[in-house]
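One structure is given below, encoded as structure tokens.
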Amino acid sequence: MPLDGTNKPKVVVTRDLGPDVMPLLTKRDDIEVVLWADDSVCDRQWLLENVKGATGMVVVFSELVDAELLDAAGPSLKVVSTMSVGYEHIHVPELVKRNIRIGYTPDVLTDAVADISVMLALMAGRNARETMGIVREGLWPRSIWAPFAFCGPQLSTSGNSASRTVGFLGFGRISQATLKRLIPFGVTDCIYSSNPNSPSASKKERDEAILKQYSPQLKSLRGVDTDTVARESDVLFVLTPGGPSTRHLVNEEFLRKMKEHSVIVNAGRGTVVESDALAKALREKWIWGAGIDVVEGEPNVGKDHPLVKEPRCNILPHIGSASFETRLAMATLAVDNCLAAIGGQNMPAELDVRID
């Protein structure tokens with residue numbers, strides 16, 4: 001349906017979204033599309049120039065959407081749609097003040113991030129980085145086999161009496177999808193710490209449904225405090241939102257409470273885990289290993305980063321959503337959000353920015 005107005009609304013897109021998604025914009029004759037076509041971070045000066053008079057923007061998380069950019073766009077801007085779940089790169093209060101709607105892409109990456117969370121748990125427990133390095137550096141022929149060489153804690157349970165407790169910081173969609181994948185490994189108990197402001201009645205109803213679904217394998221599911229999560233988890237998944245309230249939630253004090261053979265996985269937000277503290281925990285063997293897809297300060301993570309130096313820290317460059325299926329769904333949703341807002345319609349996924 002053509003959009004209203006005599007002048008075509010301008011949509012600025014800060015990254016080429018590929019041959020399957022870009023035509024959703026470029027084949028329309030009722031909008032003007034301005035694209036940063038290079039496969040690189042959008043040049044800030046280019047963006048400031050080209051956003052003038054724009055009605056909509058489709059951005060990725062490398063673009064800072066702040067007062068400067070919004071001033072450059074002017075009063076015509078109706079929507080900023082980001083191809084991401086997180087929106088730390090968007091100064092939300094500035095957009096609220098100007099009545100600019102925000103689109104984002106939750107839900108569609110749940111399965112991809114849950115998959116990689118389990119992969120990181122396996123890599124961390126079974127010393128993937130350390131042992132792959134032996135092969136890569138040509139040291140395998142010189143490695144002498146020994147009964148317990150290269151061993152690490154097993155994710156799956158063995159024997160009828162074995163138990164395995166997984167813990168979650170944050171127990172939203174991705175955590176629940178991760179738990180679903182862990183049940184066949186023989187996980188027997190699950191603990192979590194989540195937003196204390198969530199209604200307790202709805203949590204209880206949800207937990208009872210999950211326990212029923214995975215019975216009799218899953219014997220317990222409990223909401224607990226963060227100290228208990230630290231002390232009791234064999235494998236701990238950090239999948240809580242970022243922001244000031246969770247910054248460095250996993251710090252030295254937290255890590256010292258964990259089990260010696262425990263594994264920590266962070267596929268949530270880099271700011272939740274204090275990098276120096278985690279490096280120290282690995283170096284001094286308070287915990288067994290770590291698998292992380294996100295690091296505070298990324299992508300500025302070089303060879304001299306304390307976590308990169310730790311052989312039992314398995315680091316990925318924030319690829320949790322990097323499956324073809326997921327990125328296609330995210331890009332499509334970002335465009336759909338933008339077009340819906342320009343047309344004055346309900347967005348498929350609009351950030352709730354109500355301020356109480």
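The values are calculated or read from the model by the stated rules, or taken from the named source; none is laboratory data. It should be emphasised that the depicted structure is a prediction, and the values quoted were computed from it without experimental measurement. Note: ideal-geometry Cβ built from the backbone for every residue, glycine included; neighbour counts use all protein chains shown.
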Of the residues in region 230-246, those that are modelled with pLDDT under 95 and surrounded by fewer than 19 Cβ atoms within 10 Å (Cβ to Cβ) come to 241, 242, 243, 244, 245
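Determine whether residue 43 is farther than 14 Å from residue 338 by Cβ, at pLDDT 95 or above and of a type in the set (Asp, Glu). Spell out how you get there, then give the answer.
Values: farther than 14 Å from residue 338 by Cβ: yes; at pLDDT 95 or above: yes; of a type in the set (Asp, Glu): yes.
Criteria met by residue 43.
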With the requirement that a residue be surrounded by fewer than 24 Cβ atoms within 10 Å (Cβ to Cβ), under 14 Å from the mean Cα position of the chain (by Cα) and of a type in the set (A, V, I, L, M), what does region 161-191 give you? 177
Going through region 112-170 in order, the residues found to be in a loop (DSSP other than H, G, I, E, B), of a type in the set (Ser, Thr, Tyr) and closer than 30 Å to residue 222 by Cα are 156, 157, 158, 161, 163
In region 108-157, how many are touching a residue at least 60 places away in the same chain (Cβ under 8 Å) and either acidic (Asp, Glu) or over 24 Å from residue 309 (Cα atoms) (or both)? 10
Tell me the strands (runs of 3 or more DSSP E) entirely within region 254-319 that contain at least 3 residues that are in contact with a Gly (Cβ under 9 Å, 6 or more places away or on another chain), without any contact (Cβ under 8 Å) to a residue 24 or more places away in the chain and within 19 Å of residue 168 (Cα to Cα). none
Within region 64-93, can you find the residues that are part of a loop (DSSP other than H, G, I, E, B) and either buried (at least 23 other Cβ atoms within 10 Å of the Cβ) or at pLDDT below 95 (or both)? 77, 83, 84, 85, 86, 87, 88, 89
Of all residues in region 258-276, count the ones that are of a type in the set (Gly, Ala, Ser) and either more than 21 Å from the chain's Cα centre (by Cα) or within 15 Å of residue 125 (Cα to Cα) (or both). 1
Consider residue 61 against the criteria (1) out of contact with any Leu (no Cβ under 9 Å at 6 or more places or on another chain); (2) within 14 Å of residue 331 (Cβ to Cβ); (3) surrounded by 13 or more Cβ atoms within 10 Å (Cβ to Cβ); (4) modelled with pLDDT of 95 or more: it satisfies all of them except one. Which criterion is unmet? (4)
Restricting to region 49-61, name every residue that is within 22 Å of residue 107 (Cβ to Cβ) and assigned to a loop (DSSP other than H, G, I, E, B). 60, 61
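Which residues, taken from region 283-317, are at positive phi and either surrounded by 22 or more Cβ atoms within 10 Å (Cβ to Cβ) or at pLDDT 95 or above (or both)?
Of the residues in region 283-317, the ones at positive phi are 285, 297.
Matches in region 283-317: 285 only.
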